[in-house]
Amino acid sequence: SSTLAERGMDILTRYLEAYESVIRGPVDAEVADAILTRHGVSNGSYRSWLLASGGGPIGPDWYDGVEELQQSQEKFKEEKWSVAGFVIGWDGAGNPIVLSNGGKILTEDHNFGGVHELAESFDELLAANIR
């Protein structure tokens, strides 16, 4: 049986192959680490994805690259959402997609209210969106 880390690498490899034509990556680790450190983000799966992909789609939603992450954090703070964490993207309706401190991927619906879990972990988010 494979370890979670090996499974995570496999999921990332499969994601990169599936989305090869639309991702921008890879990106410089120093640039990515600067923003992740500034916001206290230490999620290894998310960091690996960000470095390898440079941002891009996961399923129907777009996930920020290093260029957009700081602006998204500022927008998120200004708009006063109740969900907490690090914004990693926005869905088509303008709702934030957030990496929580506990590692879950959450969103908040500004039309209907409520915080909803999209995935138990970043690896699960990727796995659920790979064909």
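Cβ contacts < 9 Å: first residue more than 28 Å from E20 (Cβ to Cβ) and hydrophobic (A, V, I, L, M, F, W, C), restricted to the stretch 104-131; second residue open to solvent by 80 Å² or more (accessible area, probe 1.4 Å) and in a loop (DSSP other than H, G, I, E, B), any location; separation 6+ or different chain. Result?
Qualifying pairs under 9 Å: V115/S82.
Applying the selection to the stretch 34-54, what residues are of a type in the set (S, T, N, Q) and in contact (Cβ under 8 Å) with a residue 24 or more places away in the chain?
Taking the stretch 34-54 first, the residues of a type in the set (S, T, N, Q) are 37, 42-43, 45, 48, 53.
Passing the criteria: N43, S45, S48, S53.
Out of S53, S82, which single residue is of a type in the set (S, T, N, Q) and open to solvent by less than 40 Å² (accessible area, probe 1.4 Å)? Working first, answer last.
Numbers: S82 fails: open to solvent by less than 40 Å² (accessible area, probe 1.4 Å).
Going through S53, S82 in turn, just one is of a type in the set (S, T, N, Q) and open to solvent by less than 40 Å² (accessible area, probe 1.4 Å): S53.
Which residue out of G55, G44, G40 is small (G, A, S), farther than 16 Å from S100 by Cα and out of contact with any His (no Cβ under 7 Å at 6 or more places or on another chain)? Lay out the reasoning, then the answer.
Working: G44 fails: farther than 16 Å from S100 by Cα; G40 fails: farther than 16 Å from S100 by Cα.
Just a single option satisfies the conditions, and that option is G55.
Name the residue that is least open to solvent (accessible area, probe 1.4 Å), counting only residues in the stretch 87-127 that are under 18 Å from I11 (Cβ atoms) and assigned to a loop (DSSP other than H, G, I, E, B).
My answer is G103.
Give me the pairs, please: first residue somewhere in the stretch 6-28 and open to solvent by 50 Å² or more (accessible area, probe 1.4 Å), second residue anywhere and modelled with pLDDT under 80, beta-carbon distance under 8 Å, and either six or more positions apart or on two chains.
These pairs meet every condition: D10/S2; A18/R131.
The values are calculated or read from the model by the stated rules, or taken from the named source; none is laboratory data. Since this is a predicted model, take the numbers as computed values, not measurements. Note that we place each Cβ from the backbone using ideal geometry, even for glycine, and neighbour counts take in every protein chain shown. SASA here: full protein model, heavy atoms, side chains in, ligands and nucleic acids out. Shrake-Rupley method; radii C 1.70, N 1.55, O 1.52, S 1.80 Å.
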